[in-house]
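Below is one structure, written out as structure tokens; comments come after it.
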Amino acid sequence: RDHRALAGIGRGIRRALPIVLGYVPIGFAYAEFNNLDSVKAAVNEHTVAVLIEAVQGRLRLIFDIGQQVAALRPEVIRQGLAASELLLVNEYELDLLSKKIGMPPEAIYEMVPATIVTLGIQGSRLHQRGQQGQGQAISAVMAQAIDPTGAGDAYRAGLLYGYMRNWPLLVCMQ
């Protein structure tokens with residue numbers, strides 16, 4: 001999203017990713033911790049995610065694919081899903097993703113340990129690998145919106161704040 005924000009996120013992925021996965025996924029790039037030039041150099045039209053050194057050396061890949069679904073090759077998306085511990089999508093993106101890789105949402109939920117699907121004013125839904133059904137729903141907090149710009153980013157910021165502190169996902173989603 002923002003090169004400066006990406007540059008300050010973490011430490012250790014260059015070593016961890018090949019060890020954890022055995023390879024660096026296509027479309028994924030590496031950037032050094034606190035190095036804005038490294039992040040800028042890593043981003044191009046084929047970049048799916050910039051992997052920044054993890055702060056504590058632990059690889060935690062969260063796949064927030066957004067509107068990039070339409071532009072990416074199916075094999076790149078599958079590799080991103082396989083490497084991720086959490087997938088964040090809205091309903092529209094999930095539908096595009098499902099069609100793009102030729103898999104129903106239920107199969108996608110089994111590829112990633114946890115998937116959060118945002119539902120706009122209806123809240124969000126958590127699907128965890130191995131659990132059947134519609135997932136666990138969290139209602140949205142109702143407020144009078146003056147301008148919805150950045151609402152999804154604000155949701156993700158709160159979710160990631162708790163997630164990086166190892167709070168339960170349902171708490172993070174609130």
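The values are calculated or read from the model by the stated rules, or taken from the named source; none is laboratory data. Worth saying up front: this structure is predicted, and the values here are computed from it rather than measured. Cβ placement follows ideal geometry from the backbone for every residue including glycine, while neighbour counts extend to all protein chains displayed. Note: accessible area is taken over every heavy atom of the protein model, side chains too, but ligands, DNA and RNA are not part of it. Shrake-Rupley method; radii C 1.70, N 1.55, O 1.52, S 1.80 Å.
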Quiz item: Each residue of the range 76-82 in turn: what ³J(HN,Hα) in whole Hz from Karplus with 6.51, -1.76, 1.60 and θ = phi - 60°, glycine and Pro shown as x?
Solution: 5, 5, 4, 5, x, 5, 5
Quiz item: So what does log10 I(q)/I(0) come out to for the range 57-163 at q = 0.13, 0.18, 0.24 Å⁻¹, using the Debye formula with one equal point on every Cα and no solvent?
Solution: -0.48, -0.92, -1.48
Exercise. With only Lys, Arg, Asp and Glu charged, each at its Cβ (+1 for the first two, -1 for the last two), find how big the charge dipole of the range 78-174 is about the Cα centre; round to the nearest 20 debye.
Key: 180 debye
Self-check item: Exposure ranking of Glu75, Glu85 by accessible area [1.4 Å probe, largest first]
Solution: Glu75, Glu85
Quiz item: Considering only protein heavy atoms, what per residue accessible area in square angstrom results for the range 98-174 with a 1.4 angstrom probe?
Solution: 63 Å²
Exercise. Would you mind computing, in nm to one decimal, how far apart the modelled labels at Ala157 and Gln134 are, each placed 7 Å from Cα along Cα→Cβ?
Key: 3.2 nm
Exercise. For the range 135-149, just list the computed ³J(HN,Hα) in residue order, Karplus coefficients 6.51, -1.76 and 1.60, θ = phi - 60°, integers in Hz, with x standing in for Gly and Pro.
Key: x, 9, 9, 10, 6, 6, 7, 7, 8, 6, 7, 8, 8, x, 4
Quiz item: How much solvent-accessible surface does Tyr161 expose, in Å² to the nearest 10, with a 1.4 Å probe and all protein chains in place?
Solution: 120 Å²
